Amino acid sequence: MSTETNVDIPIAKVVTTACVVTWLNPQALIDGTMLLGAFKASIPAEYGLIFIASVCTAQILWWLGISTIFSLFKAKITDKVFRAINIICGLVIMFYGAKLLLSFIQMAAEVFA
């Protein structure tokens, strides 16, 4: 990793950039909506509020945890570590996609049986 990167960026610019990347990214919005919708559809209606509260809590814990871990271990995080993280994340997404596909096939088989 390069140690010559300028990190003296105003906090307002960091927050604005993070919000733009997150909330103006159609791919992330569609993926998140579809994933949450698929999970929500698979649980009973009375658990909807608990589900969304759990999702919100998990998000807060995830981002606080990730930022803490990266802050503590920033000297040891290399490009190789980032590649491993990307591969693991990709495998998790593929697992969920396969699970949703299997659920779809099972539901379609019930409908056409």
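The numbers here are math on the coordinates, done by the rules we state, and not lab data. Treat the numbers as computed from the prediction; the structure is a model and nothing was measured. All Cβ positions, glycine included, derive from the backbone under ideal geometry; neighbour counts span all protein chains shown.
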Roughly what would the spin-label model give for VAL20 and SER103, points 7 Å off Cα along C-beta, in nm? 3.5 nm
Here, PHE82 and SER54, labelled 7 Å along Cα→Cβ, have an inter-label distance in nm of 3.4 nm
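Once you have the alpha carbon radius of gyration of the range 58-113, what is it after dividing by 2.2 N^0.38 Å, with N set to its residue count?
Numbers: Rg = 17.9 Å, N = 56, 2.2 N^0.38 = 10.2 Å.
Compared with the compact-globule rule of thumb, the range 58-113 sits at 1.76.
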Would you list which lysines come within 28 Å of LYS74, measuring only between C-alpha atoms, while excluding same-chain residues fewer than 8 positions from it? LYS13
What do the square roots of 5 times the Cα gyration tensor eigenvalues come to for the chain, in whole Å, largest first, as semi-axes of the equivalent ellipsoid? 35, 19, 14
